[in-house]
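Taking it in order: structure first as structure tokens, then the write-up.
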Amino acid sequence: MKTKDEVKITDENKEPKGFMVDFEHRTDGVLISGHFPDKHSGKSLIETEEKAWELARKFAEILPQNYVNIYVIKEDFCPVEGYEEKILRKYL
């Protein structure tokens with residue numbers, strides 16, 4: 001295999017970089033986790049952490065009270081640094 005071909009394969013398999021908004025949806029006494037955008041379905045991730053927090057705030061404002069614990073995660077599904085101080089908590 002040529003080096004050029006190896007680089008192409010490596011580049012195609014790289015994990016997309018960016019951010020997502022994570023949340024929990026309370027239904028029938030159970031918390032169900034979710035996030036957007038869905039990187040596994042090929043959706044583009046949010047480019048910056050600041051934009052992700054902005055979308056998280058807008059998301060929190062328009063959703064009913066049963067959507068709780070809204071915060072930003074990285075492409076590896078780990079919360080961003082300092083999320084504990086920024087998490088958007090909603091209570092029933």
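Given the conditions (1) assigned to a strand (DSSP E or B); (2) at pLDDT 90 or above, which single one is not true for Arg26?
(2)
Hey, does the stretch 40-58 have a residue that's in a strand (DSSP E or B), out of contact with any Ser or Thr (no Cβ under 7 Å at 6 or more places or on another chain) and in contact (Cβ under 8 Å) with a residue 12 or more places away in the chain? Show your work before the answer.
Here is the first cut: in the stretch 40-58, the ones in a strand (DSSP E or B) are 46.
Imposing the further condition that a residue be out of contact with any Ser or Thr (no Cβ under 7 Å at 6 or more places or on another chain) reduces the set to 46.
Next cut, in contact (Cβ under 8 Å) with a residue 12 or more places away in the chain only: 46.
Among the residues of the stretch 40-58, at least one is in a strand (DSSP E or B), out of contact with any Ser or Thr (no Cβ under 7 Å at 6 or more places or on another chain) and in contact (Cβ under 8 Å) with a residue 12 or more places away in the chain, which makes the answer yes.
For the subset of the stretch 54-79 comprising residues that are closer than 20 Å to Gly18 by Cβ and charged (D, E, K, R), which member is surrounded by the fewest Cβ atoms within 10 Å (Cβ to Cβ)?
Only one residue tops the list, namely Asp76.
The values are calculated or read from the model by the stated rules, or taken from the named source; none is laboratory data. Treat the numbers as computed from the prediction; the structure is a model and nothing was measured. Neighbour counts run over all protein chains shown; Cβ positions are idealised from the backbone, glycine included.
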